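Taken together, the values in this text are just the output of simple stated rules run on the coordinates, not laboratory data. It should be emphasised that the depicted structure is a prediction, and the values quoted were computed from it without experimental measurement. Heads up, the Cβs are rebuilt from the backbone with ideal geometry, glycines too, and the neighbour counts pull from every protein chain shown.
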Amino acid sequence: MFKKKEKLSDKIDFSRLPHHIAFIMDGNGRWAKKRGRLRTFGHKIGAESMEVVVRHARDLGIKVVSFFAFSTENWNRPKDEVDEIFNIARKLLVNKKESFLKSNMRVIVIGDRSRLPLDLQKEIVECENLTKNNDGLVVNVALNYGGRAEIIGAINKIIKDGVKEVNEEIFKSYLQTSNIPDPDLVIRTSGEQRLSNFMMYQCAYSELYFPKIHWPDFREKQLDEAIIEFQKRDRRFGAIKK
Ligand code: IPE
Ligand code: IPE
Ligand code: MG
């Protein structure tokens, strides 16, 4: 008779899920160009991937997801493209904040928001405040974020506070990610194999995964595949296998 069709997520070991998955959402521009469309169309569909991935991560039981949405280096792009990325971010926050609230998700934004458009800054604060008491999935969005800038910022705050000596615990408390654990898995789409200044300190021991697919094509199936790949890795943390 017919066998029940096996789903990819059936292959996931739910007792060993990565706690925190970080996404470097790359390849929007190339994805659009391949289809004869403007790069901004790629960003629009990429934002849909982000929504799909958030929902699926929640359904799977992942605790924290981080998304690299705009880097400190992305200011080097044409103004039109930069403006459109901010428009998409603004729209997502406005349209989805109620659903984040109802789904028990907590939204946090890292990066230097002071350089972002004022209305976007306002929406960020509103969404963070609205969802601050939720204890389900944490959705961490990096906007105008750079790992080096974050580290330098932390050092300056430490100096200002007159702290004479730090350890890893104290240093972590000065980072913008102080309340979330380090990523277990970093996924960068589009085949590029670099961090591009994304959470370098926090990713010291993360497993890295570089699917060839562009971000707008990264959906449920691709997240399942990434988790299955993660579960094949042997995380030794410097120790040896018993
Ligand atoms: C990632 O896609 C999105 C951002 C950096 C904002 P890209 O825009 O970098 O797309 P490619 O890499 O040029 O294809
Ligand atoms: C990294 O992608 C930044 C984001 C995904 C927001 P880029 O496309 O900007 O990185 P590079 O320039 O290829 O390193
Ligand atoms: Mg890119």
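Its Cα centre serving as origin, the range 31-153 has a Cβ charge dipole (Lys and Arg +1, Asp and Glu -1) of approximately 360 debye. Could you tell me which of rounded, prolate or oblate describes the range 8-110, using a ≥ b ≥ c as the square roots of the eigenvalues of the alpha-carbon gyration tensor, with rounded for a/c under 1.5 and, failing that, prolate when a/b is larger than b/c and oblate otherwise? Verdict is prolate for the range 8-110.
If the limit is 29 Å between Cα atoms, which of Lys44/Lys232; Lys63/Lys241; Lys102/Lys160; Lys97/Lys221 go over it? Too far apart for the 29 Å limit: Lys44/Lys232; Lys102/Lys160.
Residues in the range 170-185 carry Karplus couplings, in order, of 5, 4, 4, 5, 8, 7, 5, 9, 4, 8, 10, x, 5, x, 7, 9 Hz; the curve used is 6.51 cos²θ - 1.76 cosθ + 1.60 with θ = phi - 60°, and Gly or Pro positions show x. Net charge around Val53, counting only other residues with Cβ within less than 12 Å of its Cβ (Lys, Arg = +1; Asp, Glu = -1)? Cβ neighbours under 12 Å give a net charge of -2. Approximating the spin labels as points 7 Å out from Cα along Cα→Cβ, the Leu208-to-Arg233 distance works out to 1.0 nm. When you restrict to C-alpha pairs under 8 Å that are six or more residues apart and normalise by the size of the chain, the relative contact order lands at 29 percent. Straight-line reach from Lys157: taking Cα to Cα under 27 Å and skipping same-chain neighbours fewer than 8 places apart, the lysines in range are Lys122, Lys132, Lys172. Computed from phi, the 3J(HN,Hα) profile of the range 206-213 under the Karplus parametrisation 6.51, -1.76, 1.60 (θ = phi - 60°) reads 6, 7, 10, 9, 10, x, 6, 4 Hz, with x in place of Gly and Pro.
With each label modelled as a point 7 angstrom along the Cα→C-beta vector, the Ser15-Asp119 pair spans 5.2 nm. Given only helices, namely DSSP H runs of n ≥ 4 each adding -39500 (n - 2.57), what is the per-residue ellipticity at 222 nm of the chain, to the nearest 500 deg cm²/dmol? It comes out at -13000 deg cm²/dmol, rounded to the nearest 500. Less than 5 angstrom separates the built amide H of Val138 from those of Val64, Val65, Arg106, all sequence-distant by 5 or more or on a different chain.
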